[in-house]
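Let me begin by presenting the structure, written as structure tokens, before commenting on it.
The values are calculated or read from the model by the stated rules, or taken from the named source; none is laboratory data. Please read all numbers here as calculations on a predicted model, not as lab measurements. Neighbour counts are summed over all protein chains in view; Cβ atoms, including those assigned to glycine, are modelled from backbone coordinates with ideal geometry.
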Amino acid sequence: MKVYQNVTGAEESTIEFNTFVEDSYSGFSIAAGAGDVVTGAGGSTGLLNSGFVFSGSEGYIFDQSGRFVGGYESEEVFNILVHSKSDNTMSFFINDVLIANNYSAPTGFDYIEFDKHGESTLNITHSY
């Protein structure tokens, strides 16, 4: 099930995702982007574009290009930290380990999309 959280878009910001995945085989995905997300009885339209995407399956974490960037265990919280910079670059950390620095991508986004399964959760902290 896809769930959305509205965040105030900002060119320079830090966003932290504390993620709990109930079952590593069911996987997850986290995306940030701009869009006109509508949820409710009419369903959801989703993101119009994305600044970054992380997905996980069977304990492996991949970035938006499909590159393996880390791992996770089911029923253990892991952390993804994204630093958006004013020059349209980002830095990504998983459990405090730098996995990409000065990655070129559109910064500033309005929504976080979390594709979750079962009792998986995502807690977001966004600072400027």
Within the stretch 20-36, identify whether any single residue is under 18 Å from H126 (Cβ atoms), more than 16 Å from the chain's Cα centre (by Cα), at pLDDT below 85 and charged (D, E, K, R), and answer yes or no.
no
What pairs come up if the first residue lies in the stretch 25-49 and is over 23 Å from N79 (Cα atoms), the second is among the acidic types (D, E) and at pLDDT below 70, and their beta carbons are under 7 Å apart, counting only those six or more places apart or on different chains?
T45/D36; L48/D36
Can you spot a residue in the stretch 69-87 that is within 14 Å of S13 (Cβ to Cβ), at pLDDT below 90, of a type in the set (S, T, Y) and surrounded by fewer than 17 Cβ atoms within 10 Å (Cβ to Cβ)?
yes
Quickly run through the stretch 71-128 and pick out the residues that are aliphatic (A, V, I, L, M) and under 12 Å from the mean Cα position of the chain (by Cα).
I80, L81, V82, I94, I112, L122, I124
Going through the stretch 45-68 in order, the residues found to be out of contact with any Pro (no Cβ under 7 Å at 6 or more places or on another chain), under 17 Å from M90 (Cβ atoms), surrounded by 18 or more Cβ atoms within 10 Å (Cβ to Cβ) and not polar (S, T, N, Q) are L47, F52, V53, F54, I61, D63
